[in-house]
Amino acid sequence: MTITTLVAMDGCDTEVATHVNNAINVGVSSKKILDTLIQMLPYAGFARAINGIMVCKKVFDERDIDYSIDLEN
């Protein structure tokens, strides 16, 4: 919830990254985080959601976390 709120506010990239890191630390999967941001597309707008996804991708890359999408499941 906090991640999507910060993404919707725009301009909070540092805070988004912090909350994504914290979510990962407590066991939230990269898939769950990305799925949540994709679900917010029609509500917050494409540009803000994509910006949030790019911040998440940077965090995942820094932590060497797989964020590939499994299209079969």
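Where a number appears in this text, it was derived from the coordinates with a stated rule and is not lab data. In this text, all values refer to a predicted model and were calculated from it rather than measured experimentally. Cβ: placed from backbone, ideal geometry, glycine included. Neighbour counts: every protein chain shown.
First check a/c for the chain, with a ≥ b ≥ c the square roots of the eigenvalues of its C-alpha gyration tensor; if it is under 1.5, answer rounded, and if not, answer prolate when a/b is larger than b/c or oblate otherwise. Judged from the Cα gyration tensor, the chain comes out oblate (a/c at least 1.5, b/c at or above a/b). Summing Cβ point charges (Lys, Arg +1; Asp, Glu -1) relative to the Cα centre of the chain gives a dipole of roughly 160 debye. Its relative contact order, with pairs defined as Cα atoms under 8 Å and 6+ residues apart, puts region 2-62 at 44 percent. For the chain, a Gaussian network of Cα nodes joined below 10 Å ranks Val20, Val55, Val28 by mean-square fluctuation, and the top entry is Val28.
Count the net charge of all other residues whose Cβ sits under 15 Å from the Cβ of Cys12, scoring Lys and Arg as +1 and Asp and Glu as -1.
Combined, the nearby Lys, Arg, Asp and Glu give -1.
When the GluC sites (Glu not before Pro) in the chain are filtered for DSSP coil states and for at most 13 other beta-carbon atoms within 10 Å of their beta-carbon, the remaining sites are Glu72. Fully extending the segment from Ile38 to Glu62 would add 6.5 nm, taking 0.36 nm per residue of separation and subtracting the current Cα-Cα distance. Each of Met1, Met9 was scored by other Cβ atoms within 10 Å of its Cβ. Listed from fewest to most, they are Met1, Met9.
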